[in-house]
Amino acid sequence: MDSERCLSAMNARAAFLALALVACQPAGAGDEHASEPSLDAQVATLTAELDRSRLLAQTERAEARTQIASLRAELDQAANARIARESEWLRYTKAISNLGERADVPTPEFATDAPAEVAATPPAPPAAAPKDAALEKDAADAAARATARAERDRAIHLSLRSLFTAERILAFELMETGTLRDGATGPVVLRTLDEIGRPTGSICAARMRFEASRTARTLTLVLENGYERRGTTKIPFARVGDDE
């Protein structure tokens with residue numbers, strides 16, 4: 001009887017330990033292995049979406065670079081066309097200014113066939129038109145001076161445009177410099193440009209001169225008696241002494 005009681009007690013204790021082990025086992029221990037395939041599927045989906053996003057970003061960057069290159073090509077083409085038009089206009093104005101030299105070209109006289117009876121009689125010599133040698137000389141000198149002034153003004157215009165280019169003055173484009181008088185040139189027309197070279201307005205001045213500073217080693221461009229035009233708005237220059 002005592003041995004049977006001991007065996008029953010041992011069996012009861014073993015059953016109790018088995019139940020305790022089953023109770024202490026984590027409830028989700030068996031589900032971890034079951035959930036691993038679903039996690040791998042989510043990771044694969046996210047990785048595929050990330051790859052698609054990267055590919056889309058690369059495609060957009062490539063399209064943006066292509067569009068920028070196309071716009072730059074169009075801008076260069078427009079700038080070359082504008083320079084060609086300005087060069088053509090300069091050639092035209094130079095041709096107009098050279099007409100004064102050709103104004104004294106004599107008009108040719110074309111003789112006609114006279115009848116026989118008229119040809120037998122020698123024609124009377126035409127009356128010589130009075131000529132003033134001094135007036136002709138003055139006219140020739142004036143034409144020569146005008147031509148020299150035109151060449152000098154053209155050289156000044158080209159030199160100033162080269163100076164603007166060399167100093168990388170990109171906000172202004174020199175269109176007209178006028179004639180040199182009393183240490184200044186004018187009238188002057190400048191076109192204002194934005195950061196990508198598009199016209200935004202213009203500046204007109206009666207005179208333009210330079211002021212040099214030996215101490216600062218600078219050259220200041222001074223515009224006098226003019227205005228700035230922005231769209232339909234006209235802004236005159238401030239006069240010296242207005243702020244006093």
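The values are calculated or read from the model by the stated rules, or taken from the named source; none is laboratory data. All figures in this text were calculated on a predicted structure; none of them were measured in a lab. FYI the Cβ positions are ideal-geometry reconstructions off the backbone, even for glycines, and counts take in every protein chain you see. Note: accessible area is taken over every heavy atom of the protein model, side chains too, but ligands, DNA and RNA are not part of it. Shrake-Rupley method; radii C 1.70, N 1.55, O 1.52, S 1.80 Å.
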So V222 ticks every box in (1) β-branched (V, I, T); (2) outside any loop (DSSP other than H, G, I, E, B); (3) surrounded by fewer than 10 Cβ atoms within 10 Å (Cβ to Cβ) but one. Which box is left unticked? (3)
Options A143, A129; residue that is outside any loop (DSSP other than H, G, I, E, B), open to solvent by less than 80 Å² (accessible area, probe 1.4 Å) and either modelled with pLDDT under 70 or out of contact with any strand residue (DSSP E or B) (no Cβ under 6 Å at 6 or more places or on another chain) (or both): A143
Can you list residue pairs whose Cβ atoms sit under 6 Å apart, with the first residue in segment 79-92 being over 22 Å from E151 (Cβ atoms) and the second being open to solvent by 60 Å² or more (accessible area, probe 1.4 Å) and not in a helix (DSSP H, G or I)? Count only pairs 6 or more apart in sequence or on different chains. none
Please state which one of L170, L158 is assigned to a loop (DSSP other than H, G, I, E, B), open to solvent by 70 Å² or more (accessible area, probe 1.4 Å) and under 16 Å from I83 (Cβ atoms). L170
Could you check, for segment 113-122, whether at least one of its residues is open to solvent by 60 Å² or more (accessible area, probe 1.4 Å) and either at pLDDT 85 or above or of a type in the set (D, E) (or both)? yes
Residue count for segment 180-201, restricted to those that are under 23 Å from R154 (Cβ atoms) and open to solvent by 40 Å² or more (accessible area, probe 1.4 Å): 7
